[in-house]
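As structure tokens, the structure follows; a few thoughts come after it.
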Amino acid sequence: MSRVTVLVAAYNAEKYLAESLDSLLGQTLHDIQIVCIDDASTDSTPDILDEYAARDSRIRVITEKVNRGQAIARNQGIDIAEGDYITMLDADDRLSADALESAVNMLDANPGTGVALFRLVWFDEDGVTPYPMRSDKRVWSGQEAFELSLDWSLHGLYVARAELFKRWPYDTSCRLFSDDNTTRLHYLNAGVVRLCEGVYEYRRHGESMTNRISAERIDLLEANTSMMRQLREAGQSRRVLTIFERERWINLTGICGFWLRHSEILDKDKALERIRAVWEDIDRTLLPAGLKMKFGYIPCRTFKLYFRQVEFYFTLRRLLGK
């Protein structure tokens, strides 16, 4: 039994993978299990993983034959996780040397705490930027953390007790973004969430899966639909539903803008139909009055009118250089 299991899902990650693994092998906490899942990479990722596994017995490699996305890959790791606690590290990110020790010490000292939240920083060639959390607290109830995560006022990078991951593995309803739903459920069921001193270093670059120009960007809307369904099934209050419906509507307009910018490389009709299905699913009665009066977000009577409004909105933004 290890103190903590780290899940590393890797797909064509050769550029940064060694740096990520080095940050794990350099942890001040040595009693860790590192489960690396190669999601059917076509570059040198498998060779790098095998090389590191041969050097350090704490690393175990799972090789997928078909690329199925990060959520499914991470769930393969959860199945064999031996740690008291579980966390994940993207294959292009890093942890500070004391990150895992800091999180484990906090969880050990506070049995009622289910999640130890990392301090998150973004980094790139221009430097380091702290994540702008919109809460100045260091300790939250699970419900508070859950509500703050609905619009990412609280980020989603943390160490949690293994039972939370075993009970709520990663949501696989979409290839991208549905893993966010799992974070929210972990917070909701954590009892208490505490901020630790360990730092998660998130690399910002245009090559990440969520920055690619593809129809998979629309997965965000369908992942949001899955989350809303789970909120309703859990009997969450109208106040909570309102918070998340607002987030869904903002994301809907943003994805419409993405479609308008990149429709020439998408399956236009199919992508637009997916967007329309989400528009039909949103409960407009839950939208805040201020948002419903904002140009670009006004909930028109028909999808055609709404989309024309959004088209005009993004045209104006482009002309104004925004």
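Determine, for each peptide in 32-41, 291-300, 190-199, the mean count of other beta carbons within 10 angstrom over its residues, then list the peptides with the highest first.
32-41, 190-199, 291-300
Return the lysines within reach of Lys166: Cα separation strictly under 26 angstrom, same-chain partners fewer than 8 residues apart disregarded; answer none if there are no such residues.
Here the lysines satisfying the reach criterion relative to Lys166 are Lys65.
Using a 7 Å offset from Cα along Cα-Cβ at Ile62, what residues in segment 68-103 end up with backbone N under 11 Å from the label point?
It comes to 71-82, nothing else.
Work out, step by step, the length gained on full extension between His205 and Asn110: first 0.36 nm times the residue separation, then minus their alpha carbon distance; give nm to one decimal.
Contour length minus the Cα-Cα distance gives 30.6 nm.
Set the Förster radius R0 to 22 Å, insert the Cβ-Cβ distance between Ala289 and Leu241 as r into 1/(1 + (r/R0)^6), and round the FRET efficiency to 0.05.
0.90
At 222 nm, what value in deg cm²/dmol follows for the chain if DSSP H runs of at least 4 each add -39500 (n - 2.57) and the sum is divided by all its residues, to the nearest 500?
-13500 deg cm²/dmol
Provide the descending list of Cα extents for segment 145-204 along its principal axes, expressed in whole angstroms.
Taking the Cα atoms of segment 145-204, the three principal extents are 32, 31, 21 Å.
In terms of the ratio Rg/(2.2 N^0.38 Å) built on C-alpha atoms, what value belongs to segment 196-322?
Expressed relative to 2.2 N^0.38 Å, the Cα Rg reads 1.16.
Over segment 36-98, consider all pairs of different Cα atoms and compute the Kirkwood hydrodynamic radius from their mean reciprocal separation; express it in Å, one decimal.
This gives a value of 12.8 Å.
Any idea what the dipole of the chain comes to, in debye rounded to 20, about its Cα centre with Lys/Arg Cβ at +1 and Asp/Glu Cβ at -1?
Result for the chain is approximately 1920 debye, rounded to the nearest 20.
Just tell me which lysines come within less than 22 Å, Cα to Cα, of Lys322; anything on the same chain fewer than 8 places away is out.
Leaving aside lysines fewer than 8 places away in the same chain, those within reach of Lys322 are Lys292, Lys294.
Can you give me the solvent accessible area of Arg94 with a 1.4 Å probe, rounded to the nearest 10 Å²?
60 Å²
Apply the Kirkwood formula to segment 1-59: the hydrodynamic radius equals the inverse of the mean of 1/r over all pairs of different alpha-carbon atoms; give it in Å with one decimal.
11.7 Å
Please state, as a whole number in µm²/s, the translational diffusion coefficient that the Stokes-Einstein equation yields for segment 102-156 at 25 °C and 0.890 mPa s, with Rh defined as the Kirkwood radius across alpha carbon pairs.
Rounded, D is 194 µm²/s.
Do you know the relative contact order of segment 7-98, to the nearest whole percent, from alpha carbon pairs under 8 angstrom that are 6+ apart?
47 percent
Placing unit charges on C-beta atoms (Lys and Arg positive, Asp and Glu negative, everything else neutral), compute the dipole magnitude of segment 170-322 about its Cα centre in debye, rounded to 20.
Result for segment 170-322 is approximately 720 debye, rounded to the nearest 20.
Using square roots of five times the C-alpha gyration tensor eigenvalues, list the equivalent-ellipsoid semi-axes of segment 47-137 in whole Å, biggest first.
Three semi-axes, in Å: 26, 20, 15.
Using the Kirkwood radius over Cα pairs, work out the Stokes-Einstein diffusion coefficient for the chain at 20 °C and 1.002 mPa s, in µm²/s as a whole number.
103 µm²/s
Quick check on packing: order 22-29, 149-156 by the mean number of other C-beta atoms within 10 Å, highest mean leading.
Packing order, densest peptide first, comes out as 149-156, 22-29.
What ranking, highest mean first, results for peptides 64-73, 229-238, 83-92 when packing means the other Cβ atoms within 10 Å averaged over each residue?
83-92, 64-73, 229-238
The values are calculated or read from the model by the stated rules, or taken from the named source; none is laboratory data. Fair warning: this is a prediction, and the values are worked out from it, not measured in the lab. Counting neighbours? That spans all protein chains shown, and the Cβs are built from the backbone with ideal geometry, glycine included. SASA here: full protein model, heavy atoms, side chains in, ligands and nucleic acids out. Shrake-Rupley method; radii C 1.70, N 1.55, O 1.52, S 1.80 Å.
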